[in-house]
Amino acid sequence: RRRDDDDDDDDDEKALWDALGRGTAAGRAVFNLYSGDSGGKEYGAFANDFNRLQMRVSDPATRRAPPEVEEAVKKETAIASAARTTHARVRRPTNFTGAPPLTDAEAVRASFEKSKARRPGVRPKALSDLENAARREEAPLPPAPSRRLIGEQGKLRFQRLREFNGRLPEEQPENVADARRAREESAKPKTTRETAETLFSQVALEIEEREDFLAEMRAAGIGARYETAIRAEVAERVQTLRRLDGTIRAEEAKEAKEGRA
(Lines give C-alpha, C1' and ligand atoms only; values in the text may rest on other atoms or scores of the structure.)
Protein backbone atom coordinates (compact mmCIF):
# COMPACT_ATOMS: atom_id res chain seq x y z
CA ARG A 1 0.00 0.00 0.00
CA ARG A 2 1.21 3.45 -0.88
CA ARG A 3 2.12 5.54 2.12
CA ASP A 4 0.53 8.90 2.80
CA ASP A 5 3.81 10.75 2.70
CA ASP A 6 4.56 9.65 -0.91
CA ASP A 7 2.77 12.74 -2.22
CA ASP A 8 5.13 14.99 -0.27
CA ASP A 9 8.18 13.42 -1.95
CA ASP A 10 7.03 14.59 -5.40
CA ASP A 11 7.68 18.22 -4.45
CA ASP A 12 10.91 17.58 -2.56
CA GLU A 13 13.80 18.76 -4.72
CA LYS A 14 16.36 16.87 -2.68
CA ALA A 15 14.48 13.62 -3.23
CA LEU A 16 14.86 14.01 -7.00
CA TRP A 17 18.68 14.07 -7.19
CA ASP A 18 18.93 11.63 -4.30
CA ALA A 19 16.84 9.19 -6.30
CA LEU A 20 19.11 9.63 -9.34
CA GLY A 21 22.28 9.69 -7.29
CA ARG A 22 24.68 12.59 -6.91
CA GLY A 23 27.42 10.44 -8.39
CA THR A 24 25.67 10.23 -11.80
CA ALA A 25 25.61 12.86 -14.54
CA ALA A 26 21.81 13.06 -14.41
CA GLY A 27 21.87 13.61 -10.64
CA ARG A 28 24.45 16.41 -10.93
CA ALA A 29 22.42 18.08 -13.71
CA VAL A 30 19.23 17.99 -11.60
CA PHE A 31 21.16 19.36 -8.63
CA ASN A 32 22.42 22.33 -10.67
CA LEU A 33 18.97 22.86 -12.20
CA TYR A 34 17.33 23.28 -8.81
CA SER A 35 19.82 25.94 -7.65
CA GLY A 36 22.26 23.52 -6.16
CA ASP A 37 25.12 25.73 -7.59
CA SER A 38 24.12 29.41 -7.40
CA GLY A 39 27.59 30.83 -8.27
CA GLY A 40 26.68 31.48 -11.92
CA LYS A 41 23.49 33.28 -11.04
CA GLU A 42 25.24 35.44 -8.48
CA TYR A 43 27.95 36.47 -10.94
CA GLY A 44 25.34 37.22 -13.63
CA ALA A 45 23.45 39.51 -11.28
CA PHE A 46 26.71 41.24 -10.32
CA ALA A 47 27.70 41.76 -13.99
CA ASN A 48 24.22 43.13 -14.81
CA ASP A 49 24.36 45.65 -11.96
CA PHE A 50 27.88 46.67 -12.96
CA ASN A 51 26.89 47.29 -16.60
CA ARG A 52 23.92 49.41 -15.51
CA LEU A 53 26.21 51.52 -13.32
CA GLN A 54 28.65 52.03 -16.19
CA MET A 55 25.82 53.13 -18.47
CA ARG A 56 24.70 55.73 -15.91
CA VAL A 57 28.15 57.27 -15.39
CA SER A 58 29.43 57.03 -19.00
CA ASP A 59 29.70 59.99 -21.41
CA PRO A 60 26.46 60.51 -23.36
CA ALA A 61 28.50 61.24 -26.51
CA THR A 62 30.14 57.79 -26.43
CA ARG A 63 27.16 55.90 -25.00
CA ARG A 64 25.54 53.41 -27.35
CA ALA A 65 21.97 53.98 -28.30
CA PRO A 66 19.26 51.40 -27.66
CA PRO A 67 19.11 48.58 -30.24
CA GLU A 68 15.95 49.90 -31.93
CA VAL A 69 17.54 53.34 -32.38
CA GLU A 70 20.73 51.83 -33.88
CA GLU A 71 18.69 49.75 -36.32
CA ALA A 72 16.76 52.83 -37.43
CA VAL A 73 19.98 54.80 -38.00
CA LYS A 74 21.48 51.95 -40.05
CA LYS A 75 18.36 51.76 -42.19
CA GLU A 76 18.37 55.51 -42.88
CA THR A 77 22.09 55.39 -43.79
CA ALA A 78 21.50 52.52 -46.23
CA ILE A 79 18.60 54.36 -47.89
CA ALA A 80 20.70 57.54 -48.28
CA SER A 81 23.64 55.57 -49.76
CA ALA A 82 21.34 53.85 -52.28
CA ALA A 83 19.89 57.24 -53.29
CA ARG A 84 23.36 58.69 -53.89
CA THR A 85 24.37 55.65 -55.98
CA THR A 86 21.22 55.94 -58.10
CA HIS A 87 21.79 59.66 -58.64
CA ALA A 88 25.43 59.13 -59.71
CA ARG A 89 24.57 56.38 -62.19
CA VAL A 90 24.74 57.41 -65.87
CA ARG A 91 21.28 57.42 -67.39
CA ARG A 92 20.84 55.59 -70.66
CA PRO A 93 18.72 56.88 -73.47
CA THR A 94 15.47 55.08 -74.12
CA ASN A 95 16.64 53.83 -77.54
CA PHE A 96 19.85 52.25 -76.11
CA THR A 97 20.43 48.80 -77.65
CA GLY A 98 23.75 47.88 -76.00
CA ALA A 99 24.39 45.36 -73.27
CA PRO A 100 22.73 46.06 -69.92
CA PRO A 101 25.01 47.11 -67.05
CA LEU A 102 26.59 44.29 -65.08
CA THR A 103 25.46 43.48 -61.63
CA ASP A 104 27.91 43.43 -58.75
CA ALA A 105 28.36 39.65 -58.92
CA GLU A 106 28.85 39.78 -62.71
CA ALA A 107 31.38 42.60 -62.42
CA VAL A 108 33.41 40.65 -59.86
CA ARG A 109 33.32 37.53 -62.06
CA ALA A 110 34.38 39.50 -65.14
CA SER A 111 37.27 41.13 -63.28
CA PHE A 112 38.47 37.73 -62.09
CA GLU A 113 38.34 36.27 -65.60
CA LYS A 114 40.24 39.27 -66.99
CA SER A 115 43.01 38.98 -64.40
CA LYS A 116 43.23 35.23 -64.98
CA ALA A 117 43.65 35.79 -68.72
CA ARG A 118 46.62 38.12 -68.12
CA ARG A 119 48.30 35.61 -65.80
CA PRO A 120 50.97 33.55 -67.63
CA GLY A 121 50.16 29.89 -67.67
CA VAL A 122 52.49 27.04 -66.75
CA ARG A 123 54.14 25.69 -69.89
CA PRO A 124 55.21 22.06 -70.16
CA LYS A 125 58.96 21.53 -69.74
CA ALA A 126 59.23 19.54 -72.97
CA LEU A 127 57.68 22.41 -74.97
CA SER A 128 60.01 24.94 -73.33
CA ASP A 129 63.04 22.75 -74.12
CA LEU A 130 62.01 22.49 -77.77
CA GLU A 131 61.57 26.25 -78.05
CA ASN A 132 64.95 26.90 -76.41
CA ALA A 133 66.67 24.41 -78.71
CA ALA A 134 65.11 26.04 -81.77
CA ARG A 135 66.14 29.48 -80.53
CA ARG A 136 69.74 28.31 -80.04
CA GLU A 137 69.85 26.86 -83.56
CA GLU A 138 68.60 30.10 -85.07
CA ALA A 139 71.11 32.27 -83.16
CA PRO A 140 74.35 32.93 -85.12
CA LEU A 141 77.44 31.26 -83.69
CA PRO A 142 80.35 33.49 -82.62
CA PRO A 143 83.28 33.48 -85.07
CA ALA A 144 86.09 31.09 -84.30
CA PRO A 145 89.45 32.61 -83.25
CA SER A 146 91.90 33.12 -86.10
CA ARG A 147 94.90 32.10 -83.98
CA ARG A 148 95.75 30.26 -80.81
CA LEU A 149 94.40 31.87 -77.67
CA ILE A 150 96.81 33.45 -75.20
CA GLY A 151 97.14 31.51 -71.96
CA GLU A 152 98.04 32.73 -68.51
CA GLN A 153 101.78 32.48 -69.22
CA GLY A 154 101.37 34.51 -72.39
CA LYS A 155 99.40 37.17 -70.56
CA LEU A 156 102.08 37.42 -67.86
CA ARG A 157 104.83 37.74 -70.49
CA PHE A 158 102.92 40.46 -72.32
CA GLN A 159 102.50 42.32 -69.01
CA ARG A 160 106.23 42.18 -68.32
CA LEU A 161 107.00 43.31 -71.89
CA ARG A 162 104.93 46.40 -71.26
CA GLU A 163 106.73 46.88 -67.95
CA PHE A 164 110.28 46.71 -69.41
CA ASN A 165 109.50 48.47 -72.70
CA GLY A 166 109.72 45.31 -74.78
CA ARG A 167 113.13 44.15 -73.42
CA LEU A 168 112.86 41.49 -70.78
CA PRO A 169 115.96 41.28 -68.53
CA GLU A 170 116.07 37.48 -68.66
CA GLU A 171 116.06 37.52 -72.46
CA GLN A 172 119.09 39.84 -72.87
CA PRO A 173 122.26 38.07 -74.16
CA GLU A 174 124.46 38.91 -71.15
CA ASN A 175 121.78 37.84 -68.71
CA VAL A 176 121.02 34.69 -70.67
CA ALA A 177 124.68 33.63 -70.45
CA ASP A 178 124.82 34.25 -66.71
CA ALA A 179 121.61 32.34 -66.14
CA ARG A 180 122.86 29.42 -68.23
CA ARG A 181 126.12 29.34 -66.29
CA ALA A 182 124.26 29.38 -63.00
CA ARG A 183 122.01 26.54 -64.11
CA GLU A 184 124.99 24.48 -65.25
CA GLU A 185 126.78 25.01 -61.95
CA SER A 186 123.69 24.09 -59.97
CA ALA A 187 123.10 21.02 -62.11
CA LYS A 188 126.76 19.92 -61.82
CA PRO A 189 127.07 17.24 -59.12
CA LYS A 190 129.03 18.42 -56.10
CA THR A 191 131.70 16.40 -54.40
CA THR A 192 131.51 15.37 -50.79
CA ARG A 193 134.03 18.03 -49.79
CA GLU A 194 132.07 20.81 -51.54
CA THR A 195 128.83 19.70 -49.89
CA ALA A 196 130.51 19.62 -46.48
CA GLU A 197 132.01 23.08 -47.04
CA THR A 198 128.60 24.49 -47.96
CA LEU A 199 127.01 23.00 -44.83
CA PHE A 200 129.94 24.28 -42.74
CA SER A 201 129.31 27.84 -43.93
CA GLN A 202 125.58 27.60 -43.21
CA VAL A 203 126.10 26.25 -39.68
CA ALA A 204 128.74 28.90 -38.93
CA LEU A 205 126.28 31.58 -40.05
CA GLU A 206 123.60 30.15 -37.74
CA ILE A 207 126.00 30.29 -34.78
CA GLU A 208 126.88 33.89 -35.57
CA GLU A 209 123.19 34.86 -35.74
CA ARG A 210 122.52 33.31 -32.30
CA GLU A 211 125.51 35.08 -30.77
CA ASP A 212 124.24 38.41 -32.12
CA PHE A 213 120.74 37.74 -30.78
CA LEU A 214 122.12 36.90 -27.32
CA ALA A 215 124.22 40.07 -27.31
CA GLU A 216 121.12 42.16 -28.13
CA MET A 217 119.13 40.51 -25.33
CA ARG A 218 121.97 41.18 -22.86
CA ALA A 219 122.00 44.82 -23.91
CA ALA A 220 118.24 44.94 -23.27
CA GLY A 221 118.74 43.46 -19.78
CA ILE A 222 116.92 40.14 -20.48
CA GLY A 223 119.88 38.03 -21.60
CA ALA A 224 119.49 35.57 -18.72
CA ARG A 225 116.06 34.57 -20.06
CA TYR A 226 117.49 33.25 -23.36
CA GLU A 227 121.12 32.41 -22.49
CA THR A 228 120.56 28.76 -21.57
CA ALA A 229 118.60 27.93 -24.74
CA ILE A 230 121.01 29.84 -27.00
CA ARG A 231 124.07 28.21 -25.46
CA ALA A 232 122.52 24.76 -25.99
CA GLU A 233 121.82 25.51 -29.67
CA VAL A 234 125.34 26.89 -30.18
CA ALA A 235 126.92 23.82 -28.55
CA GLU A 236 124.89 21.53 -30.81
CA ARG A 237 126.05 23.41 -33.91
CA VAL A 238 129.65 23.40 -32.75
CA GLN A 239 129.51 19.62 -32.65
CA THR A 240 128.12 19.69 -36.20
CA LEU A 241 131.01 21.92 -37.29
CA ARG A 242 133.53 19.48 -35.82
CA ARG A 243 132.04 16.58 -37.74
CA LEU A 244 131.96 18.60 -40.96
CA ASP A 245 135.54 19.71 -40.40
CA GLY A 246 136.63 16.09 -40.02
CA THR A 247 134.83 15.21 -43.25
CA ILE A 248 136.47 18.09 -45.12
CA ARG A 249 139.97 17.13 -43.89
CA ALA A 250 139.44 13.50 -44.84
CA GLU A 251 138.28 14.45 -48.34
CA GLU A 252 141.25 16.80 -48.78
CA ALA A 253 143.67 14.03 -47.76
CA LYS A 254 141.98 11.65 -50.16
CA GLU A 255 142.24 14.15 -53.04
CA ALA A 256 145.91 14.84 -52.23
CA LYS A 257 146.66 11.11 -52.20
CA GLU A 258 144.90 10.64 -55.55
CA GLY A 259 146.81 13.57 -57.01
CA ARG A 260 150.20 12.12 -56.01
CA ALA A 261 149.20 8.77 -57.48
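The values are calculated or read from the model by the stated rules, or taken from the named source; none is laboratory data. Everything numeric here is computed off the predicted structure, so don't read it as measured data. Note that each Cβ is placed from the backbone with ideal geometry, even for glycine, and that neighbours are counted across all protein chains shown. Each accessible area value is taken on the protein alone, full model and side chains, heavy atoms only, with ligands, DNA and RNA left out. Shrake-Rupley method; radii C 1.70, N 1.55, O 1.52, S 1.80 Å.
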Original post:
Any idea which residue in the stretch 200-212 is nearest to T247 (Cα to Cα), counting only those that are open to solvent by less than 80 Å² (accessible area, probe 1.4 Å) and not acidic (D, E)?
Top reply: F200
Subject >> Leading residue by the ranking (nearest to K254 (Cα to Cα)) among those in the stretch 144-191 that are among the β-branched types (V, I, T) and open to solvent by less than 80 Å² (accessible area, probe 1.4 Å) >> reply: T191
**OP:** Return yes or no: is E113 modelled with pLDDT of 75 or more and not aromatic (F, W, Y)?
**Re:** no
**OP:** Considering each residue of the stretch 195-220, count those that are under 54 Å from the mean Cα position of the chain (by Cα) and of a type outside the set (A, V, I, L, M, F, W, C), and give that number.
**Re:** 4
**OP:** Only residues that are in a helix (DSSP H, G or I) and either modelled with pLDDT under 70 or surrounded by fewer than 10 Cβ atoms within 10 Å (Cβ to Cβ) (or both): list them for the stretch 21-31, please.
**Re:** A25
Subject >> Flag if E255 is over 55 Å from the mean Cα position of the chain (by Cα), at pLDDT below 90, of a type in the set (D, E) and assigned to a helix (DSSP H, G or I) >> reply: yes
**OP:** Kindly indicate whether T247 is among the polar types (S, T, N, Q), part of a helix (DSSP H, G or I) and under 60 Å from the mean Cα position of the chain (by Cα).
**Re:** no
Original post:
Out of all the residues in the stretch 157-215, which are over 30 Å from A232 (Cβ atoms), small (G, A, S) and in contact with a helix residue (DSSP H, G or I) (Cβ under 9 Å, 6 or more places away or on another chain)?
Top reply: A179
